[in-house]
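Visitor: Okay, handing you the structure first.
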Amino acid sequence: MISGSPSAGCGKTKFWDLRMSNVVEFKARSATKTKKKLKAKAQAKTLCKNGFHKWEIDQKKQFDVKTGKLVTRYICSRCGQTKTELS
């Protein structure tokens with residue numbers, strides 16, 4: 001019988017009992033940063049998909065010649081979608 005085989009005598013130490021696994025260090029700091037970035041990115045996409053945009057006023061003042069009114073242009077800071085409003 002081979003001493004390292006599973007059918008070896010019961011009183012002897014088997015070779016698979018002596019082997020130890022390699023310890024791998026976990027880089028928690030970089031993983032959490034990446035996870036936070038991905039979470040923020042996904043949250044922004046999800047909000048805009050469901051119609052909850054983050055509207056900011058475009059600083060260019062526009063004038064509509066046909067109606068004679070000022071036009072306010074809004075741009076979503078997350079996705080870049082635009083909308084206009086007559087005032």
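Visitor: Answer with yes or no whether Ala42 is loosely packed, with under 11 Cβ neighbours inside 10 Å, under 20 Å from the mean Cα position of the chain (by Cα) and modelled with pLDDT of 65 or more.
Guide: For Ala42, the condition - loosely packed, with under 11 Cβ neighbours inside 10 Å, under 20 Å from the mean Cα position of the chain (by Cα) and modelled with pLDDT of 65 or more - is met.
Visitor: Can you run down the residue pairs with Cβ atoms below 7 Å, 6 or more apart or on separate chains, where the first is in segment 50-69 and closer than 15 Å to Glu85 by Cβ and the partner is surrounded by 10 or more Cβ atoms within 10 Å (Cβ to Cβ) and small (Gly, Ala, Ser)?
Guide: Short answer, once both residue conditions are applied: Glu56/Ser77.
Visitor: How many residues are surrounded by 10 or more Cβ atoms within 10 Å (Cβ to Cβ) and either at pLDDT 75 or above or polar (S, T, N, Q) (or both) when one looks only at segment 14-33?
Guide: 2
Visitor: So, in segment 66-86, exactly how many residues are of a type in the set (A, V, I, L, M, F, W, C) and in contact with a helix residue (DSSP H, G or I) (Cβ under 9 Å, 6 or more places away or on another chain)?
Guide: The total comes to 2.
The values are calculated or read from the model by the stated rules, or taken from the named source; none is laboratory data. Keep in mind it's a predicted model, so treat the numbers as computed, not measured. With ideal geometry, Cβ positions are generated from the backbone for all residues, glycine too; neighbour counts draw on all protein chains shown.
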